[in-house]
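A quick write-up on the structure given underneath.
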């Protein structure tokens with residue numbers, strides 16, 4: 001299995017003024033993604049640390065590509081519904097993606 005490159009921490013991302021992430025399915029043919037606020041992750045966590053934890057609900061592929069959402073402060077970038085979901089279910093799966101159960 002190919003090793004994923006280590007990405008920046010959430011603290012580094014926030015220090016550049018970015019407060020949200022884009023989570024893309026790791027299968028480029030699927031194109032399933034979601035933009036969410038990044039407040040639920042601690043500063044010391046790397047974006048690459050959370051990538052293997054997701055499973056796409058559209059195609060079932062394990063893994064995700066997590067990137068800073070540089071347009072997070074634009075109208076409609078992180079929807080109100082997504083923020084409400086995170087507030088109501090902070091440890092729950094994210095919309096459109098579910099945590100990897102660890103089973104192969």
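Structure values in brief
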| quantity | calculated |
| --- | --- |
| Full-stretch length increase - residue 61, residue 4 - with 0.36 nm per residue and alpha-carbon distance subtracted | 18.9 nm |
| Cβ crowding within 10 Å averaged over residues, with 42-55, 5-18 ranked highest first | 42-55, 5-18 |
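Every number here is computed from the coordinates shown, using simple stated rules; none is lab data. Given the structure is predicted, the values throughout are model-derived calculations rather than measurements. Every residue, glycine as well, gets a Cβ built from its backbone with ideal geometry; the counts of neighbours run over all protein chains shown.
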